[in-house]
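The values are calculated or read from the model by the stated rules, or taken from the named source; none is laboratory data. All values derive from a computational prediction rather than experimental measurement. Because the Cβ atoms are built from the backbone with ideal geometry, glycine has one as well, and the counts that use them run over all protein chains shown.
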Amino acid sequence: MRLRRDKYHFQERGGFTVDATVKRGAEHLPFQRVPDPELCVVFLRQHIGPPNEPLVGPGDRVTEGQKIGDGEGHMCVPVHAPVTGRVTKIDTAYHPGLGAESEAVFIERASEEIPPLRLSRFDPDRLQDAEPDALVGAVREAGVVGLGGAGFPAHVKLSFRDKAEYLVINAKESDPNVACDVRLKQERPAELVAGIRAMARMLNVKECIFATRAQRGEFPELEERLRKAGVELAHIRPSYSVGSDKLLVKELLNVEVPCGAYPPDVGAVVHNVFTAYAVARGLYDGEPLTSRGITFISRYTGPRNLWVKVGTPMRHVLEHMGIPPDTVQRLVVASMLMGGAVPHADVPLVKATAAISAFDPQERSPYERERACIRCGYCNMVCPVSIYPVLIMEAEKRGQRGKLRRLHAEDCIDCGLCSYVCPSLIKLTGYLRRAMAEVKQG
Ligand code: SF4
Ligand code: SF4
């Protein structure tokens, strides 16, 4: 088969490209289910917002699908037991999304088979009879968060009825090491479209747009279902940065999301394809979000698409793939450009984990020592939101908060492209994250 070059190299600003060949072939590999681990570690906080309180304690027996953590705040999203078993402890563990220790429920899996608990279900054929608020409440009860990586509570975004004119489904598969979105489109088109229809009902939008990098005819069943559901299919140019919500809205609707604002402020609500799928499973099957598809990449095995329970330690995934965990030099969780390395293989997956990459000792480490800035300007040229990463880094180092504001550090979308192109291996994104936090503190 002849590979189209543009499919594997994403075109960025300034004439740069992002090499997406790392996932070459993964698009054609069906999901394989990873057996449930002996121990699941479920973080109480898997969303943007305040942490949940545990609803169970050490020694309690839990059934798969049972709610085990929830919180009072509008931004809280409950978490559910991914397996049936016994709670051994509530303790802290390294959270791959937060990059810090966070409280989690440790569940030892039981050997007996018990039917999982399910939530109340909606009839997809009677969607128009369902109240939007009831649907939004059910999405929250199913524990659905944004599965594109951010973990923003899905029910909050689905409550923007007063603002929303457009629902945009982000299926751009823009991360160079993530192919699970593609497989979802191939393998679960019915659920995916059912989820989009439910989201459109909740938001009462005038238009639904399905944004994809795929070419017409690549997913015939999905395309036919989208057409019947009245969802517009938009084919987007191959670019990594356009996968960001704000830039996707600009690309599709030609509307700029102003500094400090979000897509709903300009009438667009953007959801990832996996979120739409999780919404359908929650509403129509009563299945809370306790598992998801991910892409696993390593030189040991080549790429794979796996279906894994939330809370599964990465050690279990490696062992399932036949890789002795102590031979792995480092594990990178999520996007290769935006994600980060975790300190050990016992770190568990969270709802928003879309990818794991395992590197062997022969592969070049991106954590080599930084060299001095050579003033090449590449970071400024590639930045998709046209800010000046190198100047922001210098201002951040000097603690010049006023200058950070003048340089619009808060406009950074955390895409990681500046670090990616830097010939001196400077981790600019670390400086940018600190700069954003300082500006937001005021
Ligand atoms: S991480 Fe921020 S500063 Fe760096 S290229 Fe992306 S948007 Fe620009
Ligand atoms: S890309 Fe790196 S070396 Fe070039 S100006 Fe930016 S920080 Fe300096």
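Entry remark, segment 396-426: residues being more than 26 Å from F16 (Cα to Cα) and of a type in the set (G, A, S) number 2 in total.
When you scan segment 317-327, do you find a residue that is aliphatic (A, V, I, L, M), more than 16 Å from ligand 1 (Cβ to nearest atom) and in a loop (DSSP other than H, G, I, E, B), even just one? Within segment 317-327, one or more residues are aliphatic (A, V, I, L, M), more than 16 Å from ligand 1 (Cβ to nearest atom) and in a loop (DSSP other than H, G, I, E, B).
Could you list, in sequence order, the residues of segment 383-396 that are within 16 Å of C259 (Cα to Cα) and more than 9 Å from ligand 1 (Cβ to nearest atom)? Scanning segment 383-396 gives no hits.
Yes or no, residue by residue, for (1) in a strand (DSSP E or B); (2) assigned by TED's automatic domain parsing to the domain that holds G339; (3) under 28 Å from R304 (Cβ atoms); (4) touching a Cys at 6+ places or on another chain (Cβ under 9 Å):
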residue: E112; (1), (2), (3), (4): no, yes, no, no
residue: D133; (1), (2), (3), (4): no, no, no, no
residue: V139; (1), (2), (3), (4): no, no, no, no
residue: G148; (1), (2), (3), (4): no, no, yes, no
residue: G151; (1), (2), (3), (4): no, no, yes, no
residue: A164; (1), (2), (3), (4): no, no, no, no
residue: V178; (1), (2), (3), (4): no, no, yes, no
residue: V182; (1), (2), (3), (4): no, no, yes, no
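Among the candidates P384, P348, the residue that is of a type outside the set (A, V, I, L, M, F, W, C), buried (at least 19 other Cβ atoms within 10 Å of the Cβ) and within 16 Å of ligand 2 (Cβ to nearest atom) is uniquely P384. In segment 414-432, the qualifying residues are those that are among the small types (G, A, S) and either surrounded by 16 or more Cβ atoms within 10 Å (Cβ to Cβ) or at pLDDT 95 or above (or both), and the one that is nearest to ligand 2 (Cβ to nearest atom) is S419.
Residue by residue, here is whether (1) touching a residue at least 60 places away in the same chain (Cβ under 8 Å); (2) farther than 22 Å from T275 by Cβ; (3) under 18 Å from the mean Cα position of the chain (by Cα) holds:
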| site | (1), (2), (3) |
| --- | --- |
| V328 | no, yes, no |
| A334 | yes, no, yes |
| P343 | yes, yes, no |
| L349 | yes, no, yes |
| S357 | yes, yes, yes |
| C379 | no, yes, no |
| C383 | yes, yes, no |
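Total residues in segment 397-427 satisfying the condition of being within 12 Å of ligand 1 (Cβ to nearest atom) and farther than 11 Å from I387 by Cβ: the figure is 10.
Taken as a whole, the structure leaves G97 outside the set of residues that are assigned to a loop (DSSP other than H, G, I, E, B) and on the phi > 0 side of the Ramachandran plot. Among the residues of segment 216-228, the one identified as modelled with pLDDT under 95 and within 23 Å of the chain's Cα centre (by Cα) is F219. Exactly one residue among E410, E394, E363 is touching a helix residue (DSSP H, G or I) at 6+ places or on another chain (Cβ under 9 Å) and touching a residue at least 60 places away in the same chain (Cβ under 8 Å), and that residue is E410.
Can you tell me which of A437, A395, A409 is buried (at least 16 other Cβ atoms within 10 Å of the Cβ) and either more than 19 Å from S241 (Cβ to Cβ) or within 10 Å of ligand 2 (Cβ to nearest atom) (or both)?
Answer to the selection: A395.
In segment 235-260, the qualifying residues are those that are outside any helix (DSSP H, G or I) and among the hydrophobic types (A, V, I, L, M, F, W, C), and the one that is farthest from K172 (Cα to Cα) is C259.
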